[in-house]
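The values are calculated or read from the model by the stated rules, or taken from the named source; none is laboratory data. What you see is a predicted model, and the numbers here were worked out from it, not measured in a lab. Note that we place each Cβ from the backbone using ideal geometry, even for glycine, and neighbour counts take in every protein chain shown. Protein only, heavy atoms only, side chains kept; ligands, DNA and RNA dropped before computing areas. Shrake-Rupley method; radii C 1.70, N 1.55, O 1.52, S 1.80 Å.
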Amino acid sequence: MAYRIQSLLTQDKSALESALALDGTTARLEVRMLLQQVLQVSHAFLIAHPDTELNAEQRAVYTALLERRLAGEPLAYILGKREFFGLNFIVSPATLIPRPDTELLVTEALQRLPAQSTAQTQVLDLGTGSGAIALSLAHTRPDLAVTAVDASPAALEIAKENAARLHCNHVRLLQSDWFSALNHAQFDLIVSNPPYIAEADAHLQQGDLRFEPRSALAAGEDGMDDLRHLIANARTHLRPGGWLLLEHGYDQAPRVRELLAKAGYTDIYSARDLSGIERVSGGRLLAGKV
Ligand code: GLN
């Protein structure tokens with residue numbers, strides 16, 4: 001019947017393809033992930049047992065989840081989780097869904113940290129959301145002193161839960177509107193994936209973005225309000241030689257580099273994401289530049 005694993009992987013894949021304009025590979029992956037969630041099995045199980053029939057209870061749960069997805073709700077919110085940097089993060093509608101492109105910010109940050117932190121290396125993640133960036137750094141480099149802030153208490157609750165699950169309880173999580181709660185703290189590296197979409201951008205009305213927190217996505221008329229704020233205010237929170245690395249929109253790299261230069265940063269550069277787009281820009285402050 002229609003509730004055999006193999007049939008669902010074909011028929012519901014097509015339903016998702018047409019309802020959400022997904023490509024076939026993505027649609028099939030999504031059906032597979034829904035089935036794994038409902039049956040609590042691995043991908044290997046689905047391959048080995050394609051003739052398994054869902055029982056009545058599993059059908060009901062599966063159908064409810066599939067209908068939410070067909071109505072456009074992001075898969076990450078339906079499953080309550082998303083993988084990032086090889087780690088499992090829980091997510092909720094209070095947090096942005098971690099994107100593969102943001103892994104670039106993590107790898108760029110890791111490359112700029114001293115191989116061995118002697119006096120403890122201080123790292124700050126601004127607008128941490130689910131904690132994806134801060135916890136990926138802390139998990140990879142347990143020697144770092146990582147602070148992560150977010151203005152949203154609901155997001156911080158999710159970040160705290162992720163910190164506990166990833167055994168990163170040493171990460172300091174603070175409610176703070178950007179730098180507001182940080183007093184005079186200084187850091188060797190500041191990273192952020194701030195909101196950077198223009199308020200009027202039509203993408204905010206499309207796909208997953210419709211369901212994500214607007215405060216984590218949109219930032220003023222040109223999308224650069226928060227990037228400007230971070231570049232201007234990071235200066236007093238960087239130790240001499242400290243780096244500021246920022247994720248930004250597909251066409252914002254030249255403007256971000258210009259802002260960094262005007263604010264006195266040096267060694268300014270941009271790095272390209274998986275699609276070849278300049279997605280992260282950064283620079284550092286040498287002693288005496290503040
Ligand atoms: N990269 C996200 C997108 O374009 C936006 C995330 C952000 O604004 N920081 O969908």
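List, please: which pairs have Cβ atoms under 8 Å, are six or more places apart or on different chains, and start with a residue in the stretch 196-210 that is aliphatic (A, V, I, L, M) and end with one that is more than 8 Å from the ligand (Cβ to nearest atom)?
Here the result reads I197/L204; A198/G220; A198/E221; A198/D222; A200/E221; L204/R210; L204/R214, each pair linking the stretch 196-210 to a residue that is more than 8 Å from the ligand (Cβ to nearest atom).
Could you please find all residues in the stretch 157-205 being within 15 Å of A138 (Cα to Cα) and open to solvent by 30 Å² or more (accessible area, probe 1.4 Å)?
Scanning the stretch 157-205 gives K160, E161, A164, R165, H167, N169, H170, R172, L173, D188.
How many residues, within the stretch 219-264, are of a type in the set (F, W, Y) and within 27 Å of E199 (Cβ to Cβ)? Step through it out loud before you land on a result.
Within the stretch 219-264, the first condition is being of a type in the set (F, W, Y), and the residues that meet it are 243, 250.
After this cut, where a residue has to be within 27 Å of E199 (Cβ to Cβ) as well, the list is 250.
So the answer is 1.
Only one of E67, E73 is within 22 Å of R210 (Cα to Cα), not in a helix (DSSP H, G or I) and not basic (K, R). Can you tell me which?
Details: E67 fails: not in a helix (DSSP H, G or I).
After ruling out the rest, the residue left standing is E73.
Considering only the stretch 103-141, state which residues are in contact with a Phe, Trp or Tyr (Cβ under 6 Å, 6 or more places away or on another chain) and of a type in the set (D, E).
Matches in the stretch 103-141: E103 only.
I want to confirm something. Restricting to the stretch 84-98 and keeping residues that are open to solvent by 40 Å² or more (accessible area, probe 1.4 Å) and touching a residue at least 12 places away in the same chain (Cβ under 8 Å), which single residue is farthest from the ligand (Cβ to nearest atom)?
Within the stretch 84-98, the first condition is being open to solvent by 40 Å² or more (accessible area, probe 1.4 Å), and the residues that meet it are 85-86, 88, 93.
Adding the requirement that they be touching a residue at least 12 places away in the same chain (Cβ under 8 Å) leaves 85, 88, 93.
Values: F85: 15, N88: 20, P93: 15 Å.
Per the stated criteria, the residue is N88.
Let me confirm something: among L217, L238, L260, which residue is touching a helix residue (DSSP H, G or I) at 6+ places or on another chain (Cβ under 7 Å) and either closer than 30 Å to P74 by Cα or in contact (Cβ under 8 Å) with a residue 40 or more places away in the chain (or both)? Walk me through it before giving the result.
Details: L238 fails: touching a helix residue (DSSP H, G or I) at 6+ places or on another chain (Cβ under 7 Å); L260 fails: either closer than 30 Å to P74 by Cα or in contact (Cβ under 8 Å) with a residue 40 or more places away in the chain (or both).
Result of the check over L217, L238, L260: L217.
Do we have any residue at all in the stretch 30-42 that's on the phi < 0 side of the Ramachandran plot, assigned to a helix (DSSP H, G or I) and surrounded by fewer than 12 Cβ atoms within 10 Å (Cβ to Cβ)? Give the steps one after another, and end with the answer.
Initially, the stretch 30-42 is screened for residues on the phi < 0 side of the Ramachandran plot, giving 30-39, 41-42.
Okay, now just the ones that are also assigned to a helix (DSSP H, G or I), so 30-39.
Now drop any that are not surrounded by fewer than 12 Cβ atoms within 10 Å (Cβ to Cβ), which leaves none.
No: zero hits.
Counting just the residues of the stretch 274-290 that are at pLDDT 95 or above and in a loop (DSSP other than H, G, I, E, B), which one comes out farthest from A261 (Cα to Cα)? If you could, list the steps in order and put the result at the bottom.
Quick first cut of the stretch 274-290, residues at pLDDT 95 or above only: 276-284.
Keeping just the survivors that are in a loop (DSSP other than H, G, I, E, B) gives 276-277.
On the way: G276: 23, I277: 21 Å.
Among those residues, the one meeting the criterion is G276.
Which of the residues spanning the stretch 241-257 are touching a helix residue (DSSP H, G or I) at 6+ places or on another chain (Cβ under 8 Å), under 15 Å from L104 (Cβ atoms) and aliphatic (A, V, I, L, M)?
L245, L246, V256
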